[in-house]
Amino acid sequence: MNATGPILDVNALSVRYGKVEALHNAAIKVRAGQIVSVIGPNGAGKSTLLNAIMGALPPTGHAKGAVVYQGEDVSAVAVEKRVSRGMCLVPEKRELFASMTVEDNLVLARTDASAWVSAIFWIRWSPCSSFFRV
């Protein structure tokens, strides 16, 4: 990646679930230091877009298009490899640990997030740990 090139460059990204096209020809560029929001009504394809960029579509989903991260085409790279290269997706759901008590969730939030995320998912999440600083 050169200093002026985008960190993330997505082009012509489309997603199908069977015969249903959930996302058509989406494109997004994110440069260093930018904050980008994806907004829209329910069912507009926001989660599908982010899951496709991350390579985390359900088995019924099929994506085509280009996802380039830090100058490398990761379109055909498994989600685990994308994470090891520094990509991450922080889910919007607030009930990640719904089976735990409120107190247990608060105690967990106070611990070193990079340690428990690695322990739970068995992958290197160090690029994402800045999202969980306490």
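The values are calculated or read from the model by the stated rules, or taken from the named source; none is laboratory data. None of these values were measured; they are calculated from a predicted model. Reconstructed Cβ throughout: ideal geometry from the backbone, glycine too, with neighbour counts over all protein chains shown.
Observations
Yes/no matrix, rows are residues, columns are (1) modelled with pLDDT of 90 or more; (2) surrounded by fewer than 14 Cβ atoms within 10 Å (Cβ to Cβ); (3) closer than 14 Å to Leu8 by Cα; (4) touching a Pro at 6+ places or on another chain (Cβ under 6 Å):
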{"residue": "His24", "(1), (2), (3), (4)": "yes, yes, no, no"}
{"residue": "Ala27", "(1), (2), (3), (4)": "yes, yes, yes, no"}
{"residue": "Gly33", "(1), (2), (3), (4)": "no, yes, yes, no"}
{"residue": "Ala63", "(1), (2), (3), (4)": "yes, no, no, no"}
{"residue": "Ala76", "(1), (2), (3), (4)": "yes, yes, no, no"}
{"residue": "Phe97", "(1), (2), (3), (4)": "no, yes, no, no"}
{"residue": "Val102", "(1), (2), (3), (4)": "no, yes, no, no"}
{"residue": "Ile123", "(1), (2), (3), (4)": "no, no, no, no"}
{"residue": "Ser130", "(1), (2), (3), (4)": "no, yes, no, no"}
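- Figure legend. Inter-residue proximity from the stretch 57-72: first residues on the phi > 0 side of the Ramachandran plot, second residues part of a loop (DSSP other than H, G, I, E, B), beta-carbon distance below 8 Å, spacing 6+ or different chains. Indicated pairs: Gly65/Ser75; Gln70/Met1; Gln70/Ile7; Gln70/Arg85; Gln70/Gly86; Gly71/Met1; Gly71/Asn2; Gly71/Gly5.
- Within the stretch 1-34, considering residues that are touching a residue at least 24 places away in the same chain (Cβ under 8 Å), of a type outside the set (A, V, I, L, M, F, W, C) and assigned to a strand (DSSP E or B), the one nearest to Pro58 (Cα to Cα): Tyr17
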